[in-house]
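Visitor: For reference, the structure I am asking about is given below.
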Amino acid sequence: MKRFSTYLFATLSTVTFLTSCANQQVQVAYQGPETNTALVTSSGTVLIKYVDNDEVHEGFIGQEITYRVDAGQRVLLLAYSDLFNVSADEHEKVVSRPAKVTFKAEAGKTYKVVNPKQSNLEAAKTFAEAPEFSVIDAKTGTEIEASQELSRPRTFLTELKSAVTPVYEFESDQVPVAQVEAAASSLEQLKSVWSRATEEEREAFRSWLSTGQ
């Protein structure tokens, strides 16, 4: 009887989890009137992390999530991610550098963000270095105009030998050098970078200061 109860509990937990996932298929990234919204769906290998400046639930590999967004120009921060079988008991996950995709969403329309399918692990790794994404009209299947910006590793800390995980930034987020020089001294710039650094990066920087390497 105890074994049956354990099995029943596990079954119910699984059903609850699957139901929860199903309910999370549509994420509301805009709280305004529905008459002024569009829908954006991520394909199974596209993980949308932000809609404009708002962090959203990105789901997991293979899951397609639809986001309700405000009509107008939208900026999606996303990444390519896929899973490949290396052997019967082993698999490897591939995650690309982040990218920004900007496009104009029309009210009442549904769009899907896609990427070229990668046939194997090596192809996926190469693609992840410079991923390409497209936005298509889900009803007609036609590709719409969209711009893309790939991120780059932050050079201040990631060049250190002990910095393992790269942290990415976008050129469009950077303040022009002339403005920076006019607004702040080198010390203030360092303070700004330090405030944005993770604890791992700060430790790497301390190590570099102490060893000079």
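We did not get these values from a lab; they are worked out from the coordinates using the rules stated. Small disclaimer: the values here were computed from a predicted structure and weren't measured. FYI the Cβ positions are ideal-geometry reconstructions off the backbone, even for glycines, and counts take in every protein chain you see.
Visitor: Hey, what do the phi angles of the range 86-94 turn into as Karplus ³J(HN,Hα) couplings, whole Hz, using 6.51/-1.76/1.60 and θ = phi - 60°, x for Gly and Pro?
Guide: 3J(HN,Hα) across the range 86-94, in whole Hz: 8, 8, 5, 10, 9, 9, 10, 9, 10.
Visitor: Starting from the amide H of Tyr50, placed 1.01 Å from N in the peptide plane, find each other amide H under 5 Å away whose residue is 5 or more places distant or on another chain.
Guide: Under 5 Å from the amide H of Tyr50 lie the amide H atoms of Val56, Leu77, each far enough along the sequence or on another chain.
Visitor: Per residue of the range 99-113, in order, report the coupling 6.51 cos²θ - 1.76 cosθ + 1.60 (Karplus, θ = phi - 60°) as ³J(HN,Hα) in whole Hz, putting x for Gly and Pro.
Guide: Working through the residues one at a time gives 9, 10, 10, 10, 8, 9, 9, 9, 4, x, 9, 10, 10, 10, 9 Hz.
Visitor: Using a Förster distance of 35 angstrom, determine the FRET efficiency expected from the C-beta separation of Asp137 and Leu190, and round it to 0.05.
Guide: Efficiency, rounded to the nearest 0.05: 0.15.
Visitor: Here's another thing I want to ask about it. Can you pull the one-decimal nm distance between simple spin-label points at Lys117 and Arg97, each 7 Å off the Cα toward Cβ?
Guide: 2.8
Visitor: Tell me, how many Å apart are the Cα centres for the range 25-45 and for the range 48-110?
Guide: 12
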